[in-house]
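Derivation of every value follows stated rules applied to the coordinates shown; laboratory data play no part. Because the structure is a prediction, the values reported are computed rather than measured. Note: ideal-geometry Cβ built from the backbone for every residue, glycine included; neighbour counts use all protein chains shown.
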Amino acid sequence: MRRDKPKSTRRTRETVRRQTVHQFLDAGIVVINPDDPSRPTNSPHAVYRIEAGLLKLLKTYGFPNWGKGLRAYLTSTESLRAKYARERKMTRIPISIARGKRITLSPGGQNILVKRIIKDFCAFFAAGAKLVYVGDTEKKFAYFDEELLNSLGVAIEAHGKMPDVVVYIKEKNWLVLVEAVTSHGPVNPKRRNELKTLFRDSKAGLVFVTAFLDRRTMTKYLDEISWETEVWVAEAPTHLIHFNGERFLGPYEDP
């Protein structure tokens with residue numbers, strides 16, 4: 001009699017961070033990156049430390065002053081959470097997305113490149129485009145014009161893996177889907193097909209772009225990048241690298 005193998009119970013570091021450590025952070029039990037608040041939360045070098053006041057309290061457990069210390073700590077927890085929230089907020093990356101309108105992204109890594117995409121890539125290659133979506137390493141939707149995307153025939157499911165930046169060029173009726181690569185991969189054939197499926201009902205043509213901070217990073221992924229896509233490098237913002245196809249910067253119809 002054949003038995004199916006039990007499903008793996010292996011958990012990744014990211015699973016633990018999202019499902020367990022995140023709740024500890026919200027409760028003020030631990031603090032993240034006390035040595036460098038600007039370090040990205042999804043950095044492999046991220047560190048967590050028990051909150052100093054809580055550690056001091058726990059050391060009194062079993063002693064006569066435990067009850068009094070516990071009451072004092074519980075009274076102070078809200079102000080402690082607010083304090084650490086302010087410290088994190090001060091390190092966030094501000095991005096102007098329209099006149100008088102600004103969003104902020106969590107610090108470091110990929111979001112530094114996301115800011116360059118919005119500021120420089122759009123200025124040179126999508127001037128006047130409407131920002132549709134911006135992702136963040138701490139929260140999925142830093143900015144989302146759902147109404148605009150719906151008007152183009154696209155409804156995004158909650159679990160859909162969005163590109164990092166989406167802009168709409170109305171004059172050409174193009175949706176430009178940009179992946180910001182710092183530690184994760186580019187628009188390879190698999191990712192291109194995933195995005196085509198996610199945006200399959202789009203009334204606008206789809207343009208796929210992989211963005212890198214510098215050419216050194218780009219060279220690590222050259223053999224993965226899909227044909228019929230574009231590559232943009234932030235250190236040379238006025239240039240665009242075209243990966244084959246009969247047109248430069250434009251959508252392709254399915255064969």
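I need the calculated FRET efficiency for the pair ASN173 and GLU146, taking r as the beta carbon distance and R₀ as 25 Å, to the nearest 0.05. Don't jump to the answer; show the numbers that get you there.
Values: r = 19 Å, r/R0 = 0.75.
With R0 = 25 Å, the Cβ-Cβ based efficiency is 0.85.
Take the cross-link list LYS161/LYS190; LYS101/LYS161; LYS172/LYS220; LYS119/LYS203; LYS101/LYS172; LYS130/LYS203 and give me the ones stretching past 21 Å between alpha-carbons. Each step should come with its number before you reach the end.
Working: LYS161/LYS190 13 Å; LYS101/LYS161 26 Å; LYS172/LYS220 32 Å; LYS119/LYS203 26 Å; LYS101/LYS172 25 Å; LYS130/LYS203 16 Å.
Going by Cα-Cα distance, LYS101/LYS161; LYS172/LYS220; LYS119/LYS203; LYS101/LYS172 fall outside the 21 Å limit.
Between ALA155 and ALA27, what is the label-point separation in nm under the 7 Å Cα-to-beta-carbon projection?
Taking the simple label geometry, ALA27 and ALA155 are separated by 3.8 nm.
For GLU235 and LEU58, what does the FRET efficiency come to when R0 = 35 Å and r is the distance between their Cβ atoms, rounded to the nearest 0.05? Mind dumping the intermediate values first?
Numbers: r = 48 Å, r/R0 = 1.38.
In this case the efficiency is close to 0.15.
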